[in-house]
């Protein structure tokens, strides 16, 4: 099953690489040449024979031998791709991992340490950069500079990818761990009948959104469900901070380093320069009481969920599907998830409302796409012989990379993504489903995602998210937040700088 936390991730994974030195920088290692002999038909001449294992997460196909969780869509396209690859290479088969396989970060880290990861696997790209042990993923950069022989006329594999998505995903110009091929948007999704019964229309401003919540609450309807630690701080911080800073300041932060997008280094410089330090810029925390106005209308059970709640815990999506709440703020998979849960009510949507005038620090900059991005189900990685001991077999890495190249064509990217219908395919020349054509332009827009320094370490993200939850629940006040928040971020910055030294004097104020 696709989950909100699985796809858009925790705050620790928003912007960059707090532990880049930890991941493999080898483009192939001893078991993969990176340059394979060519057959007469122009395709790689693979000498290795055997089974490639793949964790395809949200795109797992319903093929023989693959166990799917109840309610999971019966997808076919990835299975068809594997069949076509085996026709080209009869000695090689692809085995997809089913619902028994977990993508929980801690369990995957343990598997990596023991050399037991699959050959190809899904995980949030920023988490691979920041949270996984050394040598877990192969650097695909050298392969990206080679042709993809499965794409006619292609001379560099990287040219198949959406330019903006590629830049956002890369660690730096020399390092890329993630094959990223889809894009998720976010919005408020609402029960059309509940709105109609209350005489409500979708709000366009923050004040109107609060009025909608009051009207629903007055009818005895719980207006909303947002989990405060994941889609709460992890998502909402990006929207509020982006809006507070405005486009001009965000562009300034983006320009600090040469790294693609707003990197962790950019955030570190902005923090040291005072742009993201609440002791110098009160706007960094001024949005917390404003956000609380909305969270006060949220379901109380969801509000108290801990980080990484155990399997079977309540989720906003299941509450929405069961019509326990009128709205959720979620990804573009939400309408499909309602159907997967057996509900058939009509679902409407509206974007994050305009914030201008909602509080003193608000601007007219639309930061709603800060929670959209290439953070969905097509984030595939190739293991190394350290994280996957079977890659010590001579020639296997070449076969695994060739399989990745095979399914990473515009044809398969479009077929696999559009069959799921929850995310936009982003490879060059692809077309999204008709229901998402209005979102297609988002994938080409710059995404300014900033969480104020929670990006510096997993510990910082967890502690700030927990502090945010405590504030929303009324367990701490803004005075305590104003003291604890910079202490957490200061410590996170120190941790980041130990692995990634930054000469702050070289950057302008």
- Task: Please go through segment 120-131 and pick out each residue that is modelled with pLDDT of 95 or more and either over 21 Å from the mean Cα position of the chain (by Cα) or under 14 Å from residue 375 (Cα atoms) (or both).
- Result: 122, 123
- Number of the exception - residue 81 against (1) under 22 Å from residue 402 (Cα atoms); (2) outside any helix (DSSP H, G or I); (3) within 25 Å of the chain's Cα centre (by Cα): (2)
- Query: Is it true that residue 476 is part of a loop (DSSP other than H, G, I, E, B), surrounded by 15 or more Cβ atoms within 10 Å (Cβ to Cβ), modelled with pLDDT under 95 and in contact with a helix residue (DSSP H, G or I) (Cβ under 8 Å, 6 or more places away or on another chain)?
  - Reply: no
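In this structure, does residue 88 turn out to be modelled with pLDDT under 95 and surrounded by fewer than 21 Cβ atoms within 10 Å (Cβ to Cβ)? Talk me through it step by step, then tell me what you get.
Values: modelled with pLDDT under 95: no; surrounded by fewer than 21 Cβ atoms within 10 Å (Cβ to Cβ): yes.
Here the answer is no, as residue 88 does not meet what is asked.
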- Query: Of 285, 275, which residue is assigned to a loop (DSSP other than H, G, I, E, B) and at pLDDT 95 or above?
  - Reply: 275
- Query: Checking residue 402 against (1) in a loop (DSSP other than H, G, I, E, B); (2) assigned by TED's automatic domain parsing to the domain that holds residue 117; (3) in contact with a strand residue (DSSP E or B) (Cβ under 9 Å, 6 or more places away or on another chain), which test does it fail?
  - Reply: (1)
- Task: Would you mind listing the helices (runs of 4 or more DSSP H) fully within segment 127-228 where at least 3 residues are outside the structural domain of residue 334 (by TED's automatic domain parsing)?
- Result: 141-144, 163-169
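The values are calculated or read from the model by the stated rules, or taken from the named source; none is laboratory data. These numbers come from a predicted model, not from an experiment. Neighbour counts are summed over all protein chains in view; Cβ atoms, including those assigned to glycine, are modelled from backbone coordinates with ideal geometry.
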